[in-house]
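Chemist: One structure follows; several queries about it will come next.
The values are calculated or read from the model by the stated rules, or taken from the named source; none is laboratory data. This one's a predicted model, so the numbers in the text were calculated from it and none came from an experiment. Here Cβ is always computed from backbone atoms with ideal geometry, including for glycine, and neighbour counts include all displayed protein chains. The accessibility values were calculated without ligands, DNA or RNA, using every heavy atom of the protein model including side chains. Shrake-Rupley method; radii C 1.70, N 1.55, O 1.52, S 1.80 Å.
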Amino acid sequence: MKKSLCLLCLVCLLSSVYGIEPSLLLPNLSPRLAKYLESLPQNAQKEITSIFKENLSYDLIGEKKVEDDPSKRIVEIDEATEASHGILVFEITSNSGRFLYLNDLPYKIPLSELSQSEKLTIALIFAEHEKKIFIDRNWGRMWFDPPSAMTDIQKEAYLKLELIHN
């Protein structure tokens with residue numbers, strides 16, 4: 001027992017000295033998200049995991065290339081507690097990642113510096129996620145009966161996915 005404890009301490013010490021990264025598979029990550037994170041560049045992995053809190057759970061909602069700039073991808077990650085969900089939105093490039101924002105409704109995109117294509121990508125990722133989850137939903141009735149307030153970007157995403165029709 002003492003030998004294994006000493007060995008574990010030695011491995012931890014060497015890891016910190018030589019900069020070896022700990023495993024991304026934290027207990028609060030879904031296996032799907034952990035596998036996805038391992039496919040990203042190290043800088044993007046660090047940026048994403050630096051936002052995570054130990055007492056919350058995380059799962060991958062989806063990712064998509066930005067249509068007018070294929071060097072960028074948008075990634076959305078579900079952050080869950082027992083009572084609520086939030087959506088973490090990241091921009092990923094070939095060698096780095098950037099946290100954009102956290103919101104409970106991804107259609108209310110707060111960043112004015114994002115292009116229209118980036119905003120539509122964010123809305124499409126979440127709409128595709130909704131489409132998978134809510135198979136029997138009557139999309140047109142749900143969103144057009146008052147007091148619904150569908151945003152223009154959300155409507156555009158739903159139209160593209162043929163969830164609603166003009």
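Chemist: Return yes or no: is ILE48 touching a helix residue (DSSP H, G or I) at 6+ places or on another chain (Cβ under 8 Å), in a helix (DSSP H, G or I) and open to solvent by less than 60 Å² (accessible area, probe 1.4 Å)?
Modeler: So ILE48 fits the description; yes.
Chemist: Mind listing just one residue for me: the one in segment 123-148 that is small (Gly, Ala, Ser) and over 19 Å from the mean Cα position of the chain (by Cα) and, of those, modelled with the lowest pLDDT?
Modeler: Top of the filtered list is SER148.
Chemist: Here's another thing I want to ask about it. In segment 73-125, which residues are open to solvent by 30 Å² or more (accessible area, probe 1.4 Å) and among the acidic types (Asp, Glu)?
Modeler: GLU82, ASP104, GLU113
Chemist: I've got another one for you. Of everything in segment 77-101 that's among the acidic types (Asp, Glu) and in contact with a Leu (Cβ under 7 Å, 6 or more places away or on another chain), which residue is nearest to ASN43 (Cα to Cα)?
Modeler: Restricting to residues being among the acidic types (Asp, Glu) and in contact with a Leu (Cβ under 7 Å, 6 or more places away or on another chain), the top hit is GLU91.
Chemist: Say whether the condition of being open to solvent by 100 Å² or more (accessible area, probe 1.4 Å) and at pLDDT 90 or above is met by at least one residue in segment 11-33.
Modeler: So far as segment 11-33 goes, yes, one or more of its residues are open to solvent by 100 Å² or more (accessible area, probe 1.4 Å) and at pLDDT 90 or above.
Chemist: Check LEU120 against each of (1) touching a helix residue (DSSP H, G or I) at 6+ places or on another chain (Cβ under 7 Å); (2) at pLDDT below 90; (3) among the hydrophobic types (A, V, I, L, M, F, W, C) and name the one condition it does not meet.
Modeler: (2)
Results for (1) of a type in the set (A, V, I, L, M, F, W, C); (2) modelled with pLDDT under 90; (3) in contact with a strand residue (DSSP E or B) (Cβ under 9 Å, 6 or more places away or on another chain), shown as yes or no for each residue.
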| position | (1), (2), (3) |
| --- | --- |
| SER4 | no, yes, no |
| TYR36 | no, no, yes |
| VAL89 | yes, no, yes |
| SER96 | no, no, no |
| PHE99 | yes, no, yes |
| ASN103 | no, yes, yes |
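Chemist: Starting from segment 100-129, take each residue that is under 17 Å from ASP152 (Cβ atoms) and charged (D, E, K, R) and list its partners that are outside any loop (DSSP other than H, G, I, E, B) and at pLDDT 90 or above, counting only C-beta distances under 6 angstrom and pairs at least six apart or across chains.
Modeler: Pairs that qualify, where the first residue is under 17 Å from ASP152 (Cβ atoms) and charged (D, E, K, R) and the partner is outside any loop (DSSP other than H, G, I, E, B) and at pLDDT 90 or above, are GLU118/VAL66.
Chemist: Of the conditions (1) in contact (Cβ under 8 Å) with a residue 40 or more places away in the chain; (2) part of a strand (DSSP E or B), GLU79 clears all except one; give me its number.
Modeler: Of everything listed in (1) in contact (Cβ under 8 Å) with a residue 40 or more places away in the chain; (2) part of a strand (DSSP E or B), GLU79 misses just condition (1).
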